[in-house]
Amino acid sequence: MSITIRNATDDELEQWDSYVDRSPGTNPFHYRGSLAALAEYANADCHHLVGYKGQEVVGIFPVFEVTRFGVSTAFSPPPSLLVPYLGPALLNMGKLKQRKRERRHERFVDGCFEWIDEVIEPRYTHVRSDYRYTDLRPLEWNGMRVSLGHTYTVDLSVGEDALLKRFSSDARSNVRDGPPENCVVEEGGERAVRRIVTQVYRRYESQGKSYGVTPGLVLALRDGLDEGRLRPYVCRVDGRFAGGMITLEDDDTIYRWQGGAKHDAGVPVNDLVDWHIMRDAMDRGIESYDLVGADERRLNRYKAKFDPELRTYHEAERAGPAMALVREAYTRLQ
């Protein structure tokens, strides 16, 4: 029996988040509320592709149609919003033997690209998949060029004491006794979101870089997700905002998404915030902390001191010769 691909109907959209929860290869950006917020702020149309074998769902693939100057492009995730991963995710594959699993996966991806090419007719296509989506061959077989990216994940399942022993000596020293008396680390609200995003924006601006995340986007994500999926953590020194981090989470993993800008507060703000996030997540039973990115040497020196595991994710793109400028512009936005 072949795989049927269609854009989710209204009834299927009501079930979309249950598909996300059932797949081992999704993250909080796959949820319907996240996709709606991303589509709004990317000025894009989001297509919620669902693959079926008979009545059984075998995969989902959110695809953003972006049209600029009359040129159609397809993205997952959309450009410029600093979403770490999205792309296709598989369901109901775990009990299949390798041959059947590969065939079903291949037919699902083939069907998605047939739909994309027929409906969107993109001149450029870009996919960045979750690191748990490990078989990129069906993307390559559909004419996409695949490259590697890297991230770090911290194993929170070992518990607080064991994890602290794994930290570098300076990180352990910075957080073992908790924040100094003049310092408070806590979860905040809308004001915290605005302060964190503004601080990161100014950091990017000082380096001559563009920064596409806005407070409006973050608040739209927060409002579109279940309560607690997005959390802003802040550090205040002598009552004044010093730094912070915006996280997203699902049941298993918390993602270090936006924040961590350089500061001159006189205390190890980022160490304290990250440790607070980890302890808070462990209390909720979350087993992994994704540090979101491990490809910048300067930032890696900081992240590596938490003794994380290096993981690879993948980017895949397909473009005709005339779209070289689109590819170059997209690369600059990331």
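Numbers below:
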| read-out | value |
| --- | --- |
| Residue satisfying condition, being at pLDDT below 95 and buried (at least 19 other Cβ atoms within 10 Å of the Cβ), within set GLY260, GLY244 | GLY260 |
| Test for TYR233: is it modelled with pLDDT of 95 or more, within 20 Å of LYS165 (Cα to Cα), surrounded by 20 or more Cβ atoms within 10 Å (Cβ to Cβ) and touching a helix residue (DSSP H, G or I) at 6+ places or on another chain (Cβ under 6 Å) | no |
| Qualifying residue in region 196-207 (condition: at pLDDT below 95, over 24 Å from ASP280 (Cα atoms), polar (S, T, N, Q) and outside any strand (DSSP E or B)) | yes |
| Scan of region 118-157 for residues that are open to solvent by 20 Å² or more (accessible area, probe 1.4 Å), part of a strand (DSSP E or B) and closer than 24 Å to ASP290 by Cβ, ordered by number | VAL146, SER147, LEU148, HIS150, TYR152, ASP155 |
| Residue check, GLY239 free of Cβ contacts under 8 Å to residues at least 12 places away in the same chain, small (Gly, Ala, Ser) and surrounded by fewer than 20 Cβ atoms within 10 Å (Cβ to Cβ) | yes |
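The values are calculated or read from the model by the stated rules, or taken from the named source; none is laboratory data. On a predicted model such as this, the values are computed, not experimentally measured, just so you know. A quick note on method: Cβ atoms are made from the backbone with ideal geometry, for glycine too, and the neighbour counts reach across all protein chains shown. SASA here: full protein model, heavy atoms, side chains in, ligands and nucleic acids out. Shrake-Rupley method; radii C 1.70, N 1.55, O 1.52, S 1.80 Å.
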